[in-house]
Structure formats: C-alpha cells, structure tokens
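Here is the structure we will look at, set down as structure tokens.
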Amino acid sequence: MPPIAPRIAIVGVAGRMGRTLVAAVEQDSNATLAGGVVEPGSSLAGADIGELAGLGRRGVVAADSLEAIVDDFDVLIDFTTPRVSLANLAFCSAHGKRIVIGTTGLNDEQLAELDGYRDRVPMVFAPNMSVGVNLTLKLLETAARALGDEGYDIEVIEAHHRHKVDSPSGTALKMGEVVAESLGRTLKEHGVFTREGQCGPRSDTEIGFATVRAGDIVGEHTVMFATEGERIEITHKASSRMTFAKGAVRAARWVAGQQVGRYDMQDVLGLKG
Ligand code: NAD
C-alpha cells in the first residue's frame, strides 16, 4: 500500500526551486514535509527549512547529506544539478526510496546513466513539472501532426531569467522533441540551434530554437507554426515557480504508489494513451 501522505525530503532546499518546494509540500494536505538537504559544508546546514523558505519555523532542519535523513523520508524531490541528481538517484536506488527529478541540462551520457536506473527505482523525471506545460505538449503533438508536413515552418522560442545555466531550456527541447517525433524527425538531424551571418534560408524540415535570457522571467515557451498567410502560436507562460513545485509534489504523491520504473509528467497526469 502506498503511504497516504508520503514523507517528502527536498534536496537543494536553499535553492530557488527548493524554497518553493517547501511551501508547496506545506500547502499539500496529502504530503508531509520530512526533510531538506543543502550542499555539503553549507553554512545553512542546521537551519530550519521553513525559515529558509520564508514561512517561519517548521521544526525540520536542513541536513548536509542524505545519509543523515535516510530514515526520515519516502520520496526525494531533487532540483539541483545533473551530477548531484545522478548521485542522489543512486542513493535512492540503494536505499529503496523513490525520487522526483526536475533538474535540467543533462547531457546524452548523463541521460543514459539516469535511464540505467529504470529497472531499479520508481522515478519521475521531467524537464517541466507544470501541469499546463504538459497539457501544452499534448496540444503540440496534435498541431504538429496536422501542420508539420503541410508547409508550416516550426520554431521554438523560449525566455528565462538571467541566472539559468542551460540553453535551450529542457522544456524547449522537450517541446521540439514532441514535435519532431510526431513528424518522424529527430532533433539531432533537424534541430537548428544557432543562426548567425550568411546562413542562408531555412530548410522546410528544420525545427529552429531561439533563446532569451533576461531579468527575472520565470519561463515562457512558444512554438510557432508559420506558413504563407497564417501563423499559429502555442504559448505557455509561467508566472511563478509554484506551478513547477506543485507539479513536483503531485508527482511525488503519485510515484509513492508506483512500481520500479522511469516515468514522466504525462504518466503522472494520465495523459498517455
Ligand atoms: P538554484 O541554483 O537556485 O538551486 C539549486 C540548489 O541546489 C542550490 O541551492 C545548491 O546549493 C543546491 N545544491 C547543489 N549541490 C548540492 C548538493 N550536493 N546537495 C544538496 N544541494 C545541492 O537553481 P534552481 O533555479 O532552483 O534550479 C535547479 C534546477 O531545476 C535547474 O536544473 C533548473 O533548470 C531546474 N528546473 C526545473 C523545473 C521543472 O519543472 N522540471 C523548473 C524550474 C527549474
């Protein structure tokens, strides 16, 4: 039987997403805030994670290792860096825990390493945990099937805050992949990630990406289908990190009741099949 209110620990609890996740778990009556982890050696170890999140004392202090809280949680939520998330995935696999990974920017080798755990641990891995974005992926599939081979040029445009370290965003890549797969294309062959100088006209089948990094933009994505005479734009705009955090907590509650396997938000939301 899955736990009724799974005990959730958050790694990277002092980060932008980590602090928002504390608030999201707190707001969810079907989840229990059980622990938080900061970077080893951080001066924030021992701080109350409610206070870190600006909520006031919650009586749960930040640890500086997962080992220190191994008996306290059922599901780990990890929004950190690729290297750290993979180490935590190995930890969860070794200790019979479940994990939700929101970290983006994993390279092909790291993705293959993550995939190697699909038979060992129940995990949800998704570059975007927002319910709206995952519904948008469904809409893109439909749009691509109807338009992509009918002379419509496809471009993905994304904007994020100035601190984001990977580009294009994991969500933009996912949107591109969904469109490409619907059309029997691949991003490896058809993705165009830079255009500069005399690069010539676009080809019919390329899927172009453009990136904006500025200010405090939480996350905006548009996929454009443009042809002579009309343009369709499917846009998602996130105005608060809470949308990702709530999705991650929903994923944590869901994965608490799952068998070993690699899942994404489409599984969590029942949007597959
Ligand atoms: P951030 O830099 O604010 O937070 C990352 C935190 O991880 C930092 O506080 C850092 O101290 C901590 N950390 C690093 N190494 C650690 C370790 N070994 N142990 C414990 N903590 C450690 O970054 P952010 O804006 O919160 O984003 C984090 C990741 O989440 C990025 O990859 C970002 O792209 C991704 N993200 C995903 C979604 C989604 O819906 N999937 C949404 C937003 C952000």
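The numbers here are math on the coordinates, done by the rules we state, and not lab data. Here the structure is a predicted model, which is why all the values come from computation and not from measurement. In this analysis, Cβ positions are derived from the backbone assuming ideal geometry, glycine residues included, and neighbour counts consider all displayed protein chains.
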Around residue 58, what is the net charge, scoring Lys/Arg as +1 and Asp/Glu as -1 over all other residues with Cβ under 11 Å from its Cβ? -2
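Give, as a single signed number, the net charge of other residues whose beta carbon lies under 14 Å from the beta carbon of residue 260, with Lys and Arg counted +1 and Asp and Glu -1.
Details: positive: 97, 98, 118, 120, 262; negative: 115, 119, 267.
Within the 14 Å Cβ shell, the charges total +2.
Evaluate the charge dipole of the chain about its Cα centre and quote only its size in Debye, nearest 20, assuming +1 on the Cβ of each Lys and Arg and -1 on the Cβ of each Asp and Glu. Mind dumping the intermediate values first?
Numbers: 28 positive and 36 negative charges, 153 e Å.
Value, rounded to 20: 740 debye.
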Among 232, 77, 207, which one shows the highest mean-square fluctuation when the chain is modelled as a Gaussian network with alpha-carbon springs under 10 Å? 232
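When a/c reaches 1.5 or more, the comparison of a/b and b/c decides; with that in mind, is segment 177-219 rounded, prolate or oblate per its Cα gyration tensor?
Details: a/c = 3.40, a/b = 1.28, b/c = 2.66.
Oblate, since a/c reaches 1.5 and b/c is not below a/b.
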Counting DSSP beta bridges with both partners in the chain, what percentage is antiparallel, nearest 5? 35 percent
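If each residue's Cβ is checked for other Cβ atoms within 10 Å, how do 8, 154, 217 rank with the fewest at the top? Don't skip to the end; give the middle numbers.
On the way: 8 28, 154 25, 217 17.
Sorted ascending by nearby Cβ count, the order is 217, 154, 8.
Using a Förster distance of 22 Å, how high is the FRET efficiency between residue 266 and residue 115, based on the Cβ-Cβ distance and rounded to 0.05? Spell out each step's value before the answer.
Numbers: r = 17 Å, r/R0 = 0.75.
For R0 = 22 Å, the calculated efficiency reads 0.85.
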Take the alpha carbon gyration tensor of segment 11-78, find the square roots of its eigenvalues, order them as a ≥ b ≥ c, and report rounded if a/c is under 1.5; if not, report prolate when a/b exceeds b/c, else oblate. oblate
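What's the exposure ranking of 99, 49, going from fewest to most Cβ atoms within 10 Å?
On the way: 99 25, 49 30.
The order, fewest Cβ neighbours first, is 99, 49.
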Sorted by Cβ density within 10 Å, fewest first, the residues 57, 118, 241: 57, 118, 241
Rounded to the nearest 500, what is the chain's calculated 222 nm mean residue ellipticity when only DSSP H runs of at least 4 contribute -39500 (n - 2.57) each, over all residues? -9500 deg cm²/dmol
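Magnitude of the Cβ-charge dipole of segment 138-273, K/R +1 and D/E -1, about the Cα centre, nearest 20 debye? Intermediate values should be presented prior to the final figure.
On the way: 18 positive and 20 negative charges, 182 e Å.
It comes to approximately 880 debye.
Under a point-charge model restricted to the Cβ atoms of Lys and Arg (+1) and Asp and Glu (-1), what is the dipole moment magnitude of segment 82-183 relative to its Cα centre, in debye to the nearest 20?
Around 720 debye, computed over segment 82-183.
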Label the chain by shape, choosing from rounded, prolate and oblate, from the square roots a ≥ b ≥ c of the eigenvalues of the Cα gyration tensor; if a/c is under 1.5 it is rounded, and otherwise prolate applies when a/b is larger than b/c, oblate when it is not. prolate
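May I ask you to compute the full-extension gain from residue 16 to residue 235, defined as 0.36 nm times their residue separation minus their alpha-carbon distance, rounded to one decimal in nm? Before the final figure, lay out the partial values.
Values: separation 219, 0.36 × 219 = 78.84 nm, distance 2.37 nm.
Residue separation times 0.36 nm, minus the Cα-Cα distance, leaves 76.5 nm.
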Once label points are set 7 Å from the Cα along Cα→Cβ at both residue 242 and residue 216, what is their separation, rounded to one decimal in nm? 1.5 nm
